[in-house]
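Visitor: Can you read through this structure? Questions will come right after.
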Amino acid sequence: MPLVVTRNFGTPDSHTLKGYRANGGYKSLEKALGMEPDALVDLVKDSGLRGRGGAGFPTGVKWSFLDKKSGNPVYMCVNADESEPGTFKDRHIISQDPHLLLEGIAISCFAIESKLAFIYIRGEFYKQARILRAAIKEAEEANLLGDNILGTDFNLKVVLHRGAGAYICGEETGLISSLEGEKGQPRIKPPFPAVRGLYNCPTIVNNVETLACVPWIIEHGADEFKKMGTERSPGTKIFCVSGPVKKVGFYEVELGFPLENLLHEEAGGMRDGFELKACIPGGSSMPILTREEIKVTNMDFEALNAMGTFLGSGGVIAIPTSMSIVSLLRNVAAFYAHESCGQCTPCREGSGWIYKILINIEDGRGRPGDIELLHDLCDNMRGWAHAAHPIQKWLAKDEGMGGGKTICVFSDALAWPVQSYLIKYREEFEEAIARANPSVSVPAAISTPEPAGAGSH
């Protein structure tokens, strides 16, 4: 399998212009500048490249939504805010191959006819920001950025903007608000950024890994890209594997790669003394998978949706048998309660309430009915009043991601893991509550359908 994004990792001076050009760097930009912008958009659309930041929306289709008739400038915003717990791919792309990102930005900006791109990088990524600044300077001096790039009439300025470490700024409209100097709070959609985004102008927001795929597609073509992965999830994906595995790290594999193989072959399996209990497949906001589900799960958008979870950002977190699910969920809830921007009542109040209930359960102060109360809170946060437990619908493939009652998906990002943990590991919560109330029986669990795909592979 050819490597798309990490092909230069580990090569001498890969972070410099000299090292990047020694490996064929910026040849795709030269090729792209000889094409028509619309042809580039069609090429990326035909490749089936989907956003690698979490949503998985088709990149070329997103570009085609731009309102180019408004007469306003078009902007590109690069989401390098990587803040999903368990995810660390983008910072490594920037550290080891910053010019790959810059070439992807330049090609993409030419395709969407943008002359100004902003890289919104997480404030904690100080080292990566320095590397990017140096790479931008190198590219400008080599006429790969700036005015009349490579002797053409294409002009592009790339601006590096450091954020302040807010999880919510990973949401595209929250990122835009922060770039404009406002609070990092998401905006109501529609209008979508492609119509009215940064400074009320048409704007495309793409993830670092997404843009890093573009040069390979230009060089090799859409058909070669589609030979990797699955029909609906083509190409490769970087998965970040953490937890007590022998080889914590990031692994570029084809989409559709078995999760079992990723954990036990690529990451080397669990460390001595640890046994696998569960796995979070796409960052902390994703519904959890049990040991049995791991065995029948492939890492692509459709396969994970069928299992009642999502690919997300590709942050794969291995959970050992020694880890209490109650403690794990309390820790997850602590993060989201802290990071809520506070704009929407269901998210602001619900996240804090969920965290407090989980603290009580973990500390031996849980009460009968707490599990149902947590489910009710999640139902209200997600807006699925008609469904007793939404994850049951996901497992049964009745519905997809659905709609919530909030401006952005942050509220859902807490409700998803909470309900999946409660349903799949209910007995651990019941035991914790029973220890605090030995004379009181805990309500029986609501039956859950068999996970789609379980028992067959």
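Visitor: State the volume of the convex hull built on the alpha-carbon positions of region 112-153, expressed per residue in Å³ and rounded to an integer.
Guide: Taking the convex hull of the Cα positions in region 112-153, it is 70 Å³ per residue.
Visitor: For region 175-259, run through the GluC sites (Glu not before Pro) and keep only the ones in DSSP coil with at most 16 other Cβ atoms within 10 Å of their Cβ.
Guide: Hits after loop and neighbour filter: GLU180, GLU182, GLU231.
Visitor: What is the angle, in °, between the Cα long axis of helix 325-339 and the longest principal axis of the Cα atoms in the chain? Nearest 10 is fine, range 0 to 90.
Guide: Tilt of helix 325-339: around 50 degrees.
Visitor: Considering the Cα trace of region 122-246, what is its radius of gyration and what is Dmax, both in angstroms?
Guide: 17.8, 52
Visitor: If amide H atoms are built 1.01 Å from N in the plane of the peptide, which residues on other chains or at least 5 residues away come under 5 Å of the amide H of ARG50?
Guide: THR59
Visitor: If packing is taken as the average number of other Cβ atoms within 10 Å across a peptide's residues, how do 255-268, 63-76 rank, most packed first?
Guide: Going from most to least packed, we get 255-268, 63-76.
Visitor: Once the Cα atoms of helix 208-220 and of the chain are each reduced to a long axis, what angle between those two axes, in degrees from 0 to 90 to the nearest 10, is obtained?
Guide: Once rounded, one gets 50 degrees.
Visitor: Check the straight Cα-Cα distances from LYS247 and name the lysines below 26 Å, setting aside those fewer than 8 residues away within the same chain.
Guide: Excluding near neighbours in sequence, the set is LYS89, LYS127, LYS237, LYS277, LYS295.
Visitor: When DSSP assigns beta bridges and you keep just the ones with both residues in the chain, what percent turn out antiparallel, to the nearest 5?
Guide: Roughly 45 percent of the beta bridges in the chain run antiparallel, per DSSP.
Visitor: Using the Karplus curve 6.51 cos²θ - 1.76 cosθ + 1.60 with θ = phi - 60°, work out ³J(HN,Hα) for each residue of region 7-20 in order, rounded to whole Hz, and write x for Gly and Pro.
Guide: The phi angles translate into 4, 9, 4, x, 7, x, 6, 5, 8, 9, 5, 4, x, 5 Hz.
Visitor: So, by mean Cβ neighbours within 10 angstrom, what's the order for 96-107, 331-342, 16-27 with the highest one leading?
Guide: Ranking, from highest mean packing down: 96-107, 331-342, 16-27.
Visitor: Starting from the Cα gyration tensor of region 1-158, take the square roots of the eigenvalues, sort them a ≥ b ≥ c, and report rounded, prolate or oblate (rounded when a/c is under 1.5, otherwise prolate if a/b is larger than b/c, else oblate).
Guide: Since a/c stays below 1.5, the shape of region 1-158 is classed as rounded.
Visitor: For a test of the definition: using alpha carbon positions, the gyration tensor, and the 1.5 limit on a/c, classify the chain as rounded, prolate or oblate.
Guide: prolate
Visitor: Then there is this: List the trypsin sites (Lys or Arg not before Pro) in region 112-189 that DSSP assigns to loop (not H, G, I, E or B) and whose Cβ has at most 15 other Cβ atoms within 10 Å. Which are they?
Guide: Sites meeting the loop and neighbour criteria: LYS115, LYS183.
Visitor: Turning to a different aspect of this structure: Taking amide H atoms as placed 1.01 Å from N in the peptide plane, list the residues 5 or more away in sequence, or in a different chain, whose amide H sits under 5 Å from that of PHE118.
Guide: The list, which skips near neighbours in sequence, is MET76, CYS77, VAL78, VAL159.
Visitor: Once you keep just the Cα pairs under 8 angstrom separated by 6 or more residues, what percentage relative contact order results for region 17-226?
Guide: 31 percent
Visitor: Given H placed 1.01 Å from N in the peptide plane, which residues other than close sequence neighbours of ARG271 have an amide H under 5 Å from its amide H?
Guide: VAL245, LYS246
Visitor: Stretched out fully, how many nm does the piece from HIS161 to ARG232 gain, at 0.36 nm a residue minus the Cα gap?
Guide: Full extension of this stretch gives 22.2 nm more.
Visitor: For an R0 of 45 angstrom, estimate the FRET efficiency from the Cβ-Cβ distance between ASN143 and THR321 and round to the nearest 0.05.
Guide: 0.20
Visitor: Please label the shape of region 121-179 as rounded, prolate or oblate, based on the square roots a ≥ b ≥ c of the eigenvalues of the alpha-carbon gyration tensor (a/c under 1.5 means rounded; beyond that, a/b larger than b/c means prolate, else oblate).
Guide: oblate
Visitor: Hey, what did the chain get for relative contact order, percent, Cα under 8 Å, at least 6 apart?
Guide: Computed value for the chain: 15 percent relative contact order.
Visitor: Rounded to the nearest 10 degrees, what's the angle between the helix 345-362 long axis and the longest principal axis of the chain, both from Cα atoms, 0 to 90?
Guide: Tilt relative to the chain: about 50 degrees.
None of the figures in this text is laboratory data; all of them are computed from the coordinates on show. None of the values given here were measured: they were computed from a predicted structure. Ideal geometry is used to build each Cβ from the backbone, glycine not excepted, and the neighbour counts take in all protein chains shown.
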